[in-house]
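The next block holds one structure in the form of structure tokens; read it before the comments.
A short reminder: the numbers here are calculations on the coordinates, not readings from a lab. From a predicted model like this one, the values you see are computed outputs, not experimental measurements. Counting neighbours? That spans all protein chains shown, and the Cβs are built from the backbone with ideal geometry, glycine included.
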Amino acid sequence: MTDSQFNYTGGCRCGSITYRIKGEPTWKVNCHCNWCQTTSGNVFRSFILFNETDITFSGETLKSYTDHKTEHGRPMINQFCSNCGTIIGIKVPDMEQRHISLGSIDQRYEIDIVDNIWVQEAHKFLSFPDKSELYKAGYWNGTGEKFKK
């Protein structure tokens, strides 16, 4: 496949790891959980989920850190470049999708995220646009308790 046959491209800051994605996102989400805050060193993480089979990685092998003691009880595999430290995304072992970090996607400015999960753990100084969907905790398979603004 040529690059024009892929919908999304991206990679790490130093260029050691690149990827191409032929499919469309299955979900776009900002996660405000404590795990995402501490593993990213930021106040939340933005992910675009794609089917694993739609992603092709090139270059160096992703390094990973597997956390079996997450607050929400699901093992999470944080994946990053061992050279520059760019967080490429996470893999959840029981999911067919891979979370790709929005900041590593070349087309990141074309992607709009509406869903926000684990808002009960969000920092108080954050505000959300009116069109935002806010969920108190997680949101799996179309379920999740809405967060009241």
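Side notes on the structure shown:
- In plain terms, the chain from V92 to R74 could stretch by 5.7 nm, reckoned as 0.36 nm per residue minus the Cα-Cα distance.
- The residue list G89, A122, I21 was ranked by how far each Cα lies along the charge dipole of the chain toward its positive end, using unit charges on Cβ atoms, and A122 comes out on top.
- The chain - mean residue ellipticity at 222 nm from DSSP helices (-39,500 (n - 2.57) per run, n ≥ 4, rounded to 500): -1000 deg cm²/dmol
- Loop trypsin sites (Lys or Arg not before Pro), segment 51-111 (other Cβ atoms within 10 Å of the site Cβ: 11 or fewer; DSSP): K69
- Spin-label pair N51-E24: with each label point 7 Å from Cα along the Cα-Cβ axis, the two points sit 1.2 nm from one another.
- Dimensionless Rg/Rh of segment 25-134 - Kirkwood Rh, Rg from C-alpha atoms: 0.95
- Relative contact order of segment 25-134, taken over Cα pairs closer than 8 Å and 6 or more residues apart, is 30 percent.
- Arranged from fewest to most other beta-carbon atoms within 10 Å of their beta carbon, D94, D115 become D94, D115.
- Among S16, S101, S64, sorting on how many other beta-carbon atoms sit within 10 Å of each Cβ, with the fewest leading, yields S64, S16, S101.
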